[in-house]
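> Below is one structure. I have some questions about it.
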Amino acid sequence: MSSGAKNIRDVLVVGAGTGGCVAALWAARAGVSTLIVDAHPAEEIGTKACGGALSNDGVATIAEMIDPPRGAEIASTVAGGTLGSQGGRAVDLAEPGIIINRAIFGQRLLADAIDAGAEFGENTTCVGWADRGRQIIRLRDAGERERDVSVRVVIDASGYRSVLTRHGGPTHVDTPLRSEVGIGHYALVPLAAELERPDWVRVHVSPAGAGDGYGWLFPVGARMANIGLGGSLARVDRPVRSHLAGLLEVWNDVQALPPLRSGTGMLPLRRPLASVVGPGFLSVGDAACHANPLHGGGIAPSIIAGTLAGKAGGRAALKRDASVRELWPYAIETMRTIGAPHAAQEIIRRLMSSLSPDDLAFLAEELGRAGAAYRELYGSSPGRFTRHLLSIVGRAARRPALVAGLLSASRQAGAAHRLFRQYPSSPDRLDAWTRRVEQLFGGPERERSR
Ligand SMILES: Cc1cc2nc3c(=O)[nH]c(=O)nc-3n(C[C@H](O)[C@H](O)[C@H](O)COP(=O)(O)OP(=O)(O)OC[C@H]3O[C@@H](n4cnc5c(N)ncnc54)[C@H](O)[C@@H]3O)c2cc1C
């Protein structure tokens, strides 16, 4: 039962992951009363199943929004990596970046939000809406006591389970299909001997048990590594952790000792939800399907979305106008910056899922060379990337299924990018836009027909 205690806040953020902490930081900076809650105790914030990889492009982008990872938050600096596959050639990845110490970084983001004035409620689970129309949210503490909070704006950053987003949050509910969800397992393992290249990541496409996914080895200093694997829920043999030993055989120069920590987690692997805004409501990070559908990287997108949502929520609270129309620019901006590149990459992920292991290995190698063309997906035009896809056709002459897939994927990836760049400027046009998305990606009937 609810205690009925009177609780009023301008902004409530549900979930203290990377997206939620940053949203709370920016809402508090706007000068509005901000409460951020998490189901976990404070000391566990940041300890989620994650590889912790962040490209330098990602670091540069988030550095415009928060203090970027620094000092002990950086476990390793990465110069590049090797992408390999069973029977395939290994190709170098020219993607410098860092491996973050997720726990230390997560704790710091929470501290930054609190320093900015946000109040943190640990061990506090959001149960759902107590009254959607009046913006009242029900919270439950560790002692099973419930209380209701009345808020102007709620930001759902509760991660993959997206507690409010799936139940009456946005104006159009677009629940991810099973085929659009990923599952992954990671282990933080000490190593018996130093890595020869502690600045070099390893990625292995489609290891045994991971279907269309991949395995990774991310150095954490020279004597430790974050090793894991994952893929789409529809294709990974479970339990996913049982395939870790097989993955280690791929890198037989590495002698892993028993893990210090390990865990399994799920994440969305698709374009963002069609609608991430509702009356007094914003959805952020994994809750809004902001993780990258091709490789699952979701730290930077959640920070971008958290920044935009915290600012939008703060502004709306100050204006005392949390209507959909007032919050709509958040949707437009996230669809342009995150939605357009990810919609194009979802097309590529779908192509990869349809290929034989041999064609998949070939395509992964070719995409590993995409470099600057891949980066342009994050700009206003996907042209260079779609041209890169077409250039692969010439080298794939003896692979008819891949050639057909590439020709159609290059067209569709361009169309998907454009569609998300043209996200409707007003909520009135959302239905028409959603129909165009369903034409391109298939609607729920696609899943039912499987
Ligand atoms: C195995 C694996 C490996 C990954 N590796 C990488 C990687 O190397 N690089 C990368 O960039 N991304 C990676 N990701 C993705 C990345 O971790 C996520 O995309 C990112 O953390 C999303 O952040 P978020 O804030 O949206 O959600 P989360 O970080 O999941 O945070 C959600 C928070 O909400 C809380 N919560 C949930 N429900 C409730 C509730 N009802 N009430 C209160 N609190 C609640 C949770 O306790 C949690 O703290 C990986 C994901 C997985 C699963």
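The values are calculated or read from the model by the stated rules, or taken from the named source; none is laboratory data. Keep in mind that what you see is a predicted model, and the values were worked out from it rather than measured. FYI the Cβ positions are ideal-geometry reconstructions off the backbone, even for glycines, and counts take in every protein chain you see. Remember, those area values only see protein heavy atoms, side chains included, never the ligands or the DNA or RNA. Shrake-Rupley method; radii C 1.70, N 1.55, O 1.52, S 1.80 Å.
> For segment 1-67, what size does the Cα cloud have along each of its three principal axes, sorted from largest down, in whole Å?
Cα extents, longest axis first: 48, 29, 15 Å.
> Sorting check: for 38-49, 98-109, which peptide has the highest mean count of neighbouring beta carbons within 10 Å, and how do the rest follow?
Packing proxy ranking, top to bottom: 98-109, 38-49.
> Here is a further query. Between 0 and 90 degrees, rounded to the nearest ten: what's the tilt of helix 299-319 against the longest Cα principal axis of the chain?
With both axes taken from Cα atoms, the answer is about 20 degrees.
> Segment 89-162 to segment 16-37: how many Å between their Cα centroids?
What the calculation gives is 9 Å, centre to centre.
> Full extension from residue 115 to residue 325: what is 0.36 nm times the residue separation minus their Cα-Cα distance, to one decimal in nm?
On the way: separation 210, 0.36 × 210 = 75.60 nm, distance 3.09 nm.
Using 0.36 nm per residue and subtracting the Cα-Cα distance, I get 72.5 nm.
> Another question, if that's okay. Could you tell me the distance between the Cα centroids of segment 293-354 and segment 183-213, to the nearest Å?
Measuring centre to centre over Cα atoms gives 29 Å.
> Rank-order 216-222, 262-268, 58-64 by packing density, defined as the average count of other C-beta atoms within 10 Å over each peptide's residues, highest first. Don't skip to the end; give the middle numbers.
Values: 216-222: 21.9, 262-268: 19.3, 58-64: 15.9.
The peptides rank, most packed first, as 216-222, 262-268, 58-64.
> Using 0.36 nm per residue of separation minus the Cα-Cα distance, give me the extension gain between residue 252 and residue 435 in nm, one decimal. Provide the component values of the computation, followed by the final result.
Working: separation 183, 0.36 × 183 = 65.88 nm, distance 4.93 nm.
60.9 nm is the gain from fully extending residue 252 to residue 435.
> Just to check, using Stokes-Einstein with a Kirkwood Rh over alpha carbon pairs, what's the diffusion coefficient of the chain at 37 °C and 0.692 mPa s in µm²/s? Walk me through the numbers before you get to the answer.
Details: Rh = 22.3 Å.
My calculation gives 147 µm²/s for D.
> Using the Karplus curve 6.51 cos²θ - 1.76 cosθ + 1.60 with θ = phi - 60°, work out ³J(HN,Hα) for each residue of segment 400-414 in order, rounded to whole Hz, and write x for Gly and Pro.
Result, ordered by residue: x, 5, 5, 4, 4, x, 5, 4, 6, 5, 5, 5, 5, 5, x Hz.
> Taking the 0 to 90 degree range and rounding to the nearest ten, how far is the long axis of helix 102-115 tilted relative to the main principal axis of the chain, both from C-alpha atoms?
Approximately 20 degrees, to the nearest ten.
> Another question, then. Let me spell out the model: positive unit charges on the Cβ of Lys and Arg, negative unit charges on the Cβ of Asp and Glu, origin at the Cα centre of segment 333-450. What dipole size does that give, in debye rounded to 20? Let's see the in-between values first.
Numbers: 19 positive and 12 negative charges, 56 e Å.
Here the size comes out at about 260 debye.
> Quick check on packing: order 408-416, 290-298 by the mean number of other C-beta atoms within 10 Å, highest mean leading. It would help to have the intermediate numbers written out before the result.
Working: 408-416: 20.3, 290-298: 23.2.
Highest mean packing first, the order is 290-298, 408-416.
> For segment 338-443, what relative contact order do you get, as a whole percent, if you take Cα pairs closer than 8 Å and at least 6 residues apart? All intermediate terms of the calculation are to be shown ahead of the outcome.
Numbers: 91 pairs, mean separation 38.1, N = 106.
It comes to 36 percent, rounded to a whole number.
> Counting each DSSP H run of 4 or more residues in the chain as -39500 (n - 2.57), what helix-only mean residue ellipticity at 222 nm follows after dividing by all residues, to the nearest 500 deg cm²/dmol? Could you put the intermediate results ahead of the total?
Working: 13 runs with 155 residues, N = 450.
Result for the chain, helices only: -10500 deg cm²/dmol.
> Still on this model: Using 0.36 nm per residue of separation minus the Cα-Cα distance, give me the extension gain between residue 199 and residue 167 in nm, one decimal. If you can, show how the numbers build up before the last one.
Values: separation 32, 0.36 × 32 = 11.52 nm, distance 4.34 nm.
My answer for the length gained is 7.2 nm.
> Here's a follow-up. Compute the long axis of helix 18-29 from its Cα atoms, compare it with the longest principal axis of the Cα atoms of the chain, and write down the angle in degrees, 0 to 90, nearest 10.
Between helix and principal axis, roughly 40 degrees.
> Beyond 16 Å, what percent of the Cα pairs of segment 338-443 remain?
Working: 3183 of 5565 pairs.
Of the Cα pairs, 57 percent sit more than 16 Å apart.
> At residue 393 and residue 354, where each label point lies 7 Å from the Cα along Cα→Cβ, what is the point-to-point distance in nanometres?
1.5 nm
> Could I ask something else about it? Hey, got a sec? Which GluC sites (Glu not before Pro) in segment 94-155 land in a DSSP loop and have at most 16 other Cβ atoms within 10 Å? Could the numbers behind the result be given before it?
Numbers: sites: 119, 122, 144, 146; in loops: 122, 144.
Answer in residue order: 144.
> Moving on to the next point. Using unit Cβ charges (K, R positive; D, E negative) and no other charged atoms, how large, in debye to the nearest 20, is the dipole of the chain about its Cα centre?
Dipole size: approximately 1200 debye.
> Give me the tail of P(r) for segment 230-303 as a percent: Cα-Cα pairs with distance above 13 Å. Walk me through the intermediate numbers first.
Working: 1988 of 2701 pairs.
Result: 74 percent of Cα pairs exceed 13 Å.
> Still on this structure, please answer the following. Sort 238, 320 by accessible area with a 1.4 Å probe, largest first.
Numbers: 238 125, 320 175 Å².
From most accessible down to least: 320, 238.
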